[in-house]
Amino acid sequence: MKALVSQNHQFEVREVPRPSLKEGDLLLQVKACGVCFSDVHKIRFQPLEKPVILGHEVAGRVVEVGSAVRKFQIGDRVVVAHHVPCLRCHYCRHGNVSMCAQFQRTNLDPGGFAQFVRVPSEHVESVAFPIPAGLSDNEASFMEPLGCCLRAVKRAGIQPGDVVILVGLGSIGLLLLQLVRRAGAECIGLDLDLARRGFAESLGLSASFSGSEPGFRQTLAKMTQDRGADTVWLTAGNPALIPTALSWLRKGGTCAVFSGLYPDSNVSFDWNQLYYREINIVPSYSSSPADLEEALELLVKGFINVSFLTEHTFLLKQFSQALAAIESRTILKAIMTPNGKDDG
């Protein structure tokens, strides 16, 4: 089968062995796999000394089932996530599922930038779900990123009537916006891109700005009676912005972190701001099986709109074009289609 293999900041399409199944496994023909910015980050900034096949936002069709599988059959459309928590360890019991050793150890075989993926038995049982007829493969591939956003919203403790500032209106920012609006909060968005701000406004954003200009400050003051925002969401990593973002928060407010930083980034801020104003910093890295299931239900019922994020699809051999479009911010989301016509 063909797969996109990454190593040492390089990538190429190669022929690799098709995975073989154990009795509890599934084999999926990959129909759609979204490109997460974490994939871009690994290719650009991590050594990846061994060859790796990335991609974890996977939707596909079952082409083979292990002898012990009862949950799915050949021909079923399935969406699956890449990590499975044990739900029993100290971390899981405390709600830190993405810190679970099993979560960090488990994965698909290989990643979704390949024509076929083996879904191990633990994934089949916990994080693989049938795709209903009304949902496209491209739309279903958003289950995993939406599940991550859903857990982030829960961890941030959003309440009806809150005012939230979203920094960065890319695909993750637009998913978060819709979830925050469903939670009853109002949103101000910050992004340099006018088109992205327009998308966000069509999804219920109260106001948008390119940065911390006077209009932003005035709007924030008016919406919060001069308190400051309840939550500032950082969906883009900018070390220089963090101290300013903290100043936008009310006393007791929350800085919700949904973005890593480039390697060797240094962040400086006034520690006393956190202490005397009781500022919370709440990162959220990934999702639980329950979050994934809830996210899929939101997609199926049309409560979260991802149709405008599914327009740009790429064959495996076009990954360099997808990467360039992502990094230049000319598209909101790239979806790989490893079994497209020209990928054979």
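Selection of the stretch 153-181 for residues being crowded, with 24+ Cβ neighbours inside 10 Å and either over 22 Å from SER202 (Cβ atoms) or hydroxyl-bearing (Ser, Thr, Tyr) (or both) yields ALA156, SER171. Selection of the stretch 122-148 for residues being in a helix (DSSP H, G or I) and either over 27 Å from GLU15 (Cβ atoms) or of a type in the set (Asp, Glu) (or both) yields GLU122, GLU125, SER126, ASP137, GLU139, ALA140, MET143, GLU144, PRO145, LEU146, GLY147, CYS148. Out of all the residues in the stretch 72-90, is one or more polar (S, T, N, Q) and in contact with a Phe, Trp or Tyr (Cβ under 7 Å, 6 or more places away or on another chain)? No, the conditions are met nowhere in the stretch 72-90. Every condition in (1) buried (at least 16 other Cβ atoms within 10 Å of the Cβ); (2) within 24 Å of PHE258 (Cβ to Cβ) holds for ALA101 except the one numbered (1). Among the residues examined, LEU175 qualifies as in a helix (DSSP H, G or I) and in contact (Cβ under 8 Å) with a residue 40 or more places away in the chain. Which of the residues spanning the stretch 179-230 are of a type in the set (Lys, Arg) and touching an Asp or Glu at 6+ places or on another chain (Cβ under 7 Å)? Hit for the stretch 179-230 is ARG197, nothing else.
Scanning the stretch 249-284 for residues that are part of a loop (DSSP other than H, G, I, E, B), farther than 25 Å from GLY95 by Cα and out of contact with any Pro (no Cβ under 9 Å at 6 or more places or on another chain) yields PRO263, ASP264.
Can you list residue pairs whose Cβ atoms sit under 6 Å apart, with the first residue in the stretch 250-266 being β-branched (Val, Ile, Thr) and the second being surrounded by fewer than 19 Cβ atoms within 10 Å (Cβ to Cβ) and assigned to a strand (DSSP E or B)? Count only pairs 6 or more apart in sequence or on different chains. Every condition considered, the pairs that remain are THR254/ASN280; THR254/VAL282; VAL257/PRO283.
Go over the candidates PHE258, PHE319 one by one and state the one that is crowded, with 20+ Cβ neighbours inside 10 Å and more than 24 Å from LEU176 (Cα to Cα). Before you say what the answer is, go through the steps one by one.
Values: PHE258 fails: more than 24 Å from LEU176 (Cα to Cα).
After applying the criteria, what remains is PHE319.
In this structure, is ARG250 closer than 13 Å to VAL163 by Cβ, of a type in the set (D, E, K, R), more than 24 Å from the chain's Cα centre (by Cα) and surrounded by 17 or more Cβ atoms within 10 Å (Cβ to Cβ)? Here the answer is yes, as ARG250 does meet what is asked. Within the stretch 219-246, restricting attention to residues that are modelled with pLDDT of 95 or more, of a type outside the set (A, V, I, L, M, F, W, C) and not in a strand (DSSP E or B), the residue that is nearest to VAL267 (Cα to Cα) is GLY228. Here ASN138 clears all of (1) among the polar types (S, T, N, Q); (2) surrounded by fewer than 21 Cβ atoms within 10 Å (Cβ to Cβ); (3) farther than 19 Å from ILE53 by Cβ except the condition numbered (2).
Restricted to the stretch 1-88, the set of strands (runs of 3 or more DSSP E) holding at least 1 residues that are out of contact with any strand residue (DSSP E or B) (no Cβ under 9 Å at 6 or more places or on another chain), without any contact (Cβ under 8 Å) to a residue 24 or more places away in the chain and at positive phi is empty. Kindly indicate whether LYS333 is assigned to a helix (DSSP H, G or I), surrounded by 13 or more Cβ atoms within 10 Å (Cβ to Cβ) and among the charged types (D, E, K, R). For LYS333, the condition - assigned to a helix (DSSP H, G or I), surrounded by 13 or more Cβ atoms within 10 Å (Cβ to Cβ) and among the charged types (D, E, K, R) - is not met.
Scanning the stretch 104-129 for residues that are of a type outside the set (S, T, N, Q) and exposed (fewer than 15 other Cβ atoms within 10 Å of the Cβ) gives ARG105, GLU125.
When restricted to residues that are over 16 Å from GLY34 (Cα atoms) and either not in a helix (DSSP H, G or I) or not aliphatic (A, V, I, L, M) (or both), the stretch 288-313 contains 10. Cβ-Cβ distances below 9 Å connect the following pairs, each with a first residue in the stretch 314-325 that is part of a helix (DSSP H, G or I), a second residue that is modelled with pLDDT of 95 or more and of a type in the set (Lys, Arg), and a separation of six or more residues or different chains: LEU316/LYS2; LYS317/LYS2.
The values are calculated or read from the model by the stated rules, or taken from the named source; none is laboratory data. Keep in mind that this is a model prediction, so the values were computed, not measured. Here Cβ is always computed from backbone atoms with ideal geometry, including for glycine, and neighbour counts include all displayed protein chains.
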